[in-house]
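Comments concern the structure below.
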Amino acid sequence: MKFDALVIQYEPAIRLGFFLGIFLLMALWELAAPRRALTVSKIVRWSNNIGLVIINSVVLRLLFPAGAIGIAVFAAENGWGLLNYYSLPYVLAIVLAVVALDFVIYLQHVLVHAIPALWRFHRVHHADLDFDLTTGARFHTAEIILSMLIKIATIVVLGPPIVAVVIFEVVLNGMAMFNHANVHLPLAVDRVLRLLLVTPDMHRVHHSTEDNETNSNYGFNLAIWDRIFGTYIDQPRGGHEGMTIGIHKYRDPKQVNWLPGMLALPFIGKITGYAINRREWSKFEDK
Ligand SMILES: [Zn+2]
Ligand SMILES: [Zn+2]
């Protein structure tokens with residue numbers, strides 16, 4: 001289809017344009033109406049968090065030059081995947097694909113909390129001592145590679161329209177910046193918005209040092225998965241201003257906010273430290 005060819009051709013520009021636009025918007029919003037005072041200097045956090053994003057982008061480009069879009073094109077050409085097999089109305093197929101991809105991201109997020117070895121890598125996302133739009137993009141390189149493999153497997157099975165993959169990438173990227181933003185959304189707006197979408201206040205609960213709060217609110221885009229599957233917590237016990245962000249035992253900025261420390265973080269501590277069936281910070285995380 002002609003439209004697909006256009007989308008494929010301009011995909012990098014579309015993604016970069018949305019990324020820069022939303023980044024700028026959220027950065028200005030954070031300056032105008034911050035939710036919490038930051039504990040580590042913005043320069044240190046931003047340069048290191050963004051440094052990690054740049055490393056991840058280069059590694060992804062090298063390992064998966066075709067990207068998720070390339071896989072979707074390949075699946076379409078070969079008639080692979082449910083949505084290529086059953087011909088649904090185009091718009092319905094796009095909506096179904098975006099929702100299905102979001103559900104897989106939710107499941108993946110639960111998975112990286114549940115399995116100890118994967119949690120070690122996901123820790124890098126949680127160890128940030130503050131919570132702002134750059135937190136939304138800081139993931140260990142190994143976790144980014146795992147995400148890509150899961151995304152590729154999903155696309156092969158699902159056979160989503162190419163446009164749906166572009167929409168999903170743009171929305172996920174934008175929502176990650178929005179729901180990690182250190183912004184003050186009017187409470188009434190938050191309450192209505194989070195019936196459908198993950199808001200900053202909803203996702204901030206997930207970055208609490210309290211273990212039951214960390215292990216809740218896994219959604220990235222749609223707020224419905226946490227409500228359906230019983231992983232939803234409304235507000236942090238300590239309140240949004242009083243709660244502590246990060247991981248109990250990893251609070252040295254050199255370790256958690258500087259790039260070399262962040263990259264090494266999965267490899268420190270005992271391997272049996274933290275599993276879903278026996279998690280108590282005080283017992284396991286400090287050995
Ligand atoms: Zn998490
Ligand atoms: Zn997060």
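Would you call V59 within 15 Å of ligand 2 (Cβ to nearest atom) and either open to solvent by less than 60 Å² (accessible area, probe 1.4 Å) or within 15 Å of the chain's Cα centre (by Cα) (or both)? So V59 fails the test.
With the range 172-273 as the region, which helices (runs of 4 or more DSSP H) entirely inside it contain at least 2 residues that are open to solvent by less than 70 Å² (accessible area, probe 1.4 Å) and within 16 Å of ligand 2 (Cβ to nearest atom)? Please lay out each step first, then the result.
Working: elements: 187-193, 200-206, 211-214, 224-229, 253-256, 259-264.
So the answer is 200-206, 211-214, 224-229.
For (1) modelled with pLDDT under 95; (2) in contact with a Ser or Thr (Cβ under 8 Å, 6 or more places away or on another chain); (3) hydroxyl-bearing (S, T, Y); (4) at positive phi, each residue gets a yes or a no:
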| position | (1), (2), (3), (4) |
| --- | --- |
| V59 | no, yes, no, no |
| G70 | yes, no, no, no |
| S87 | yes, no, yes, no |
| L92 | no, no, no, no |
| V95 | no, no, no, no |
| V99 | no, no, no, no |
| Q108 | no, yes, no, no |
| A114 | yes, no, no, no |
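The residues of the range 122-137 that are near ligand 2 (Cβ under 9 Å from one of its atoms) and within 16 Å of W46 (Cβ to Cβ), listed by number, are H125, D128, F131, T135, G136.
Evaluating I22 against the criteria (1) surrounded by 18 or more Cβ atoms within 10 Å (Cβ to Cβ); (2) over 25 Å from G246 (Cβ atoms) leaves one unmet condition, (2).
The values are calculated or read from the model by the stated rules, or taken from the named source; none is laboratory data. None of the values given here were measured: they were computed from a predicted structure. FYI the Cβ positions are ideal-geometry reconstructions off the backbone, even for glycines, and counts take in every protein chain you see. Just the protein is used for accessible areas: all its heavy atoms, side chains included, with ligands, DNA and RNA removed. Shrake-Rupley method; radii C 1.70, N 1.55, O 1.52, S 1.80 Å.
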